[in-house]
1. Output the 0 to 90 degree angle, nearest 10, between the alpha-carbon long axis of helix 26-37 and the longest principal axis computed from the alpha carbons of the chain.
2. Within 10 Å of each candidate Cβ there may be at most 10 other Cβ atoms; applying that plus a DSSP loop requirement, which GluC sites (Glu not before Pro) in the range 22-59 survive?
3. Average projected area of the Cα convex hull of the range 4-75, in nm²?
4. Using R₀ = 35 Å, calculate the FRET efficiency as 1/(1 + (r/R₀)^6) where r is the Cβ-Cβ separation of ARG26 and ASN82; round to 0.05.
5. From zero up to wherever the largest Cα-Cα distance of the range 14-140 sits, split into 5 Å bins and tell me the percent of pairs in each.
6. Got a sec to turn the phi values of the range 11-17 into Karplus ³J(HN,Hα) couplings, 6.51 cos²θ - 1.76 cosθ + 1.60 with θ = phi - 60°, whole Hz, x for Gly and Pro?
7. Determine the distance separating the Cα centre of the range 89-150 from the Cα centre of the range 1-31; give it in Å without decimals.
8. Pull up all non-local amide H partners of ASP137: gap of 5 or more, or a different chain, and H-to-H distance under 5 Å with H placed in the peptide plane.
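Please treat every number below as a calculation from the coordinates, not as lab data. Just so it is clear, the model here is predicted, and its values are computed rather than measured. In this analysis, Cβ positions are derived from the backbone assuming ideal geometry, glycine residues included, and neighbour counts consider all displayed protein chains.
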Amino acid sequence: MVQYPMTVNGAGILRSELAQLKTVTRPAIVRAIAEAREHGDLKENAEYHAAREQQGFCEGRIQDVEAKLSNAQIIDISKLNNSGKVIFGSLVTIVNVATDEEVTYRIVGDDEADIKKNLISVSSPIARGLIGKMLDDEITIETPGGTIEYEIIKVQYTV
């Protein structure tokens, strides 16, 4: 069984999406299908076919989210003692040794990743290079732009 690591926040977001899909989106699609059926011949009814297609996407997403939540490994980072080690869910500040450019990332599950919010997937090259390292460690990460050397300057276990 595949386990999906996710933060408490990420699990909450998926639960909210599931509730939205089941209580708002699904009933709206059912109403659209019923309304389209009233227009007559289903073979040439574009509204009916579009609503059925939308229903298929909605049901697929519901199944996907339910599967991920049932196999979720929810990690609450705030309940762990901060040892200075980079782990899943931690907030890590690193500095590029060559340019002194500083950036802070939170290491999250694949579904939570959003680079615009500095949330990086645990399976990304940067996260894989950071996991298991300690505060003040220097690491080398292979990126598409070449090899970059970073120093870990801060590790936080906050939500």
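1. With rounding to tens, the tilt is 30 degrees.
2. GLU38, GLU44
3. Seen from a random direction, the Cα hull of the range 4-75 projects 4.9 nm² on average.
4. Between ARG26 and ASN82 the formula returns 0.25.
5. 2, 9, 14, 14, 12, 9, 8, 8, 7, 6, 5, 3, 2, 1
6. Coupling constants for the range 11-17: 5, x, 5, 5, 4, 5, 4 Hz.
7. Their Cα centres are 28 Å away from one another.
8. Correct list: ILE152.
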